[in-house]
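One structure below.
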């Protein structure tokens with residue numbers, strides 16, 4: 001029901017330009033993830049949507065209505081904060097009921113809403129506790145319940161999982177995904193975790209220095225990164241990026257290793273290759289051979305790392321492979337899986353061979 | 001009027017923990033120091049309590065220092081003519097209570113503004129608020145006297161409330177700013193997103209979260225006003241006399257009436273004592289309910 005338009009948005013704090021000319025159309029019911037390292041302006045952008053921060057220039061619209069001058073209280077957004085933002089002196093039930101209380105709901109309506117929201121996030125037995133008596137994951141659920149107790153126009157989530165331990169994070173991620181599917185509310189989700197972005201988003205906006213680098217569905221971002229920055233940010237492990245000098249019929253890595261591939265042009269550039277797009281092979285049909293720098297068992301697969309000069313190359317392999325330090329192994333890959341980037345600008349160099 | 005709750009270092013008191021002679025000595029020494037400290041604090045107070053129940057002839061006699069026939073006569077006499085302490089107790093409560101009731105809400109708002117808003121000369125203004133207390137009371141007592149004389153407010157409780165507010169407010173603002181600083185901004189923003197306007201955010205979120213600080217400031221302000229002497233002496237004449245002034249009326253041309261002064265002393269101490277007991281409980285409760293990070 002709500003489409004968000006950000007047009008020519010700027011935010012300047014003193015002498016730092018945090019967000020620069022940001023343009024973004026978020027569709028109704030879309031789950032959009034703002035992804036980037038700390039200080040890239042993603043949280044500031046979200047806070048401007050919430051009204052907690054004023055835009056220096058530019059326009060924020062919900063549907064066709066300009067929101068810049070609408071105070072936070074009247075924007076009808078719900079937000080989950082990184083540190084949850086729970087009210088310490090209120091019980092779980094009171095915390096969840098607070099948005100309803102502010103909207104003048106009666107006692108019985110509030111109670112009903114609280115029970116429904118609490119049930120949705122499995123908080124039933126904890127309603128009478130104070131936030132300090134809950135674990136991190138439970139607090140997170142309270143914050144979620146408080147945001148879904150009413151139906152807001154827009155959901156905003158500011159790194160909601162970053163304070164949880166790894167295991168809980170994975171579980172909560174799935175819950176948030178399911179919740180988003182159930183509620184069908186336009187959502188902006190801020191994170192620096194690319195896995196969260198990949199798993200949750202309809203579209204991901206990768207930000208750097210206040211600018212959106214690429215805005216696309218996760219799959220597109222993964223298979224078709226627009227530049228070196230996006231390529232290095234997405235994927236676990238991140239894409240292998242190797243500085244090479246391209247010659248006719250082969251490229252030469254920093255340590256002098258020659259790899260027989262055809263580059264889209266000659267001269268220095270960066271070659272990108274994902275770990276899962278390479279295979280370990282015998283030395284005879286290898287694109288290059290190298291000494292094993294590290295070998296890791298991951299359970300469902302293995303990860304073998306090589307060093308080319310200072311740069312490392314990780315290759316994902318079958319779970320049954322066993323290698324030792326110092327083994328010489330060949331690496332093979334399909335040339336269609338190669339990505340090429342300009343060293344200077346970081347821009348992708350498209351060739352007929354690569355996608 | 002402080003009731004400290006610092007426990008002794010528990011480790012040092014566990015017998016199994018003492019394994020050398022020097023540890024032994026240190027323990028003995030620290031216990032001695034605590035004992036001396038307690039004596040210094042409690043001796044005058046217990047002396048006061050004993051004296052309050054003595055007949056005039058027992059007050060100066062050494063042999064009846066601890067062993068005497070107690071009487072409630074003094075506690076009765078001080079409420080009679082010419083002492084009329086009942087009146088003065090009422091005044092003290094009115095002045096201290098009025099000051100706290102007015103000063104604390106004002107200080108809360110001011111502290112909130114200093115803590116959360118950005119405005120020009122914020123640091124300077126805050127410094128000026130504190131600096132107002134660097135002026136000795138004796139310097140401004142005369143201007144105050146003349147001012148209230150002009151206003152026809154001499155010997156009124158409202159004049160005392162106003163003066164005490166000027167004393168108490170800067171301290172209260174300063175104390176409370178620290179407590180409000182400690183309330184995470186995130187819960188305020190959270191409340192705003194939930195739909196609360198600034199006033200509700202302050203009343204329903206910030207005030208409860210900063211309650212330990214507010215109570216501390218209130219008790220502090222009450223104590224300061226309750227014990228205030230100089231201004232009460234200058235402004236008060238007959239109708240607006242407070243307890244501390246009542247106490248010096250026991251210094252008569254017939255000499256100092258110690259037993260009556262001690263009885264009055266109990267009256268002046270009692271409310272502070274009960275407030276401290278009450279607040280201590282509440283204070284610890286609110287402290288442990290601290291913000292969730």
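Laboratory data are not the source of any read-out in this text; all were calculated from the coordinates shown. All values reported here derive from a predicted model rather than from experimental measurement. Every residue, glycine among them, receives a Cβ derived from its backbone with ideal geometry; neighbour counts consider all protein chains shown.
Would you check if residue A:51 is over 21 Å from residue A:200 (Cβ atoms) and in contact with a helix residue (DSSP H, G or I) (Cβ under 6 Å, 6 or more places away or on another chain)? The answer is yes for residue A:51. Please go through region A:56-86 and pick out each residue that is farther than 19 Å from residue A:157 by Cα and either in contact (Cβ under 8 Å) with a residue 24 or more places away in the chain or touching a helix residue (DSSP H, G or I) at 6+ places or on another chain (Cβ under 7 Å) (or both). Result: A:56, A:57, A:58, A:59, A:63.
With B:161, B:173, B:100, B:193 as the choices, which residue is farther than 30 Å from residue B:237 by Cα and in contact (Cβ under 8 Å) with a residue 24 or more places away in the chain?
B:173
Just checking, does region B:213-229 include any residue being within 14 Å of another protein chain (Cβ to nearest Cβ), buried (at least 22 other Cβ atoms within 10 Å of the Cβ) and either outside any loop (DSSP other than H, G, I, E, B) or in contact with a strand residue (DSSP E or B) (Cβ under 8 Å, 6 or more places away or on another chain) (or both)? Within region B:213-229 (the criterion being within 14 Å of another protein chain (Cβ to nearest Cβ), buried (at least 22 other Cβ atoms within 10 Å of the Cβ) and either outside any loop (DSSP other than H, G, I, E, B) or in contact with a strand residue (DSSP E or B) (Cβ under 8 Å, 6 or more places away or on another chain) (or both)), the answer is yes, since at least one residue qualifies.
Of the residues making up region A:139-154, those that are more than 11 Å from every other protein chain (Cβ to nearest Cβ) and either outside any loop (DSSP other than H, G, I, E, B) or over 18 Å from residue A:30 (Cα atoms) (or both) are A:140, A:141, A:144, A:145, A:148. Picking from residues in region B:178-190 that are more than 7 Å from chain A (Cβ to nearest Cβ) and in a helix (DSSP H, G or I), the one that is surrounded by the fewest Cβ atoms within 10 Å (Cβ to Cβ) is B:185. Of all residues in region A:204-228, those satisfying the criterion of being out of contact with any helix residue (DSSP H, G or I) (no Cβ under 8 Å at 6 or more places or on another chain), more than 17 Å from residue A:19 (Cβ to Cβ) and not in a helix (DSSP H, G or I) are A:216, A:217, A:224, A:226, A:227. With respect to residue A:231, determine if the residue is part of a helix (DSSP H, G or I), touching a strand residue (DSSP E or B) at 6+ places or on another chain (Cβ under 9 Å) and touching a residue at least 40 places away in the same chain (Cβ under 8 Å). Judged against the criteria, residue A:231 is a match. Does residue A:96 satisfy being more than 14 Å from chain B (Cβ to nearest Cβ) and either surrounded by 15 or more Cβ atoms within 10 Å (Cβ to Cβ) or closer than 17 Å to residue A:6 by Cβ (or both)? No: the conditions fail for residue A:96. Any idea how many residues of region A:58-79 are in contact with a strand residue (DSSP E or B) (Cβ under 7 Å, 6 or more places away or on another chain) and facing another protein chain (nearest Cβ under 9 Å)? Here the count works out to 3.
Taken over region A:81-93, the criterion of being on the phi < 0 side of the Ramachandran plot and either out of contact with any strand residue (DSSP E or B) (no Cβ under 8 Å at 6 or more places or on another chain) or more than 9 Å from every other protein chain (Cβ to nearest Cβ) (or both) is satisfied by A:83, A:86, A:87, A:88, A:89, A:90, A:91, A:92, A:93.
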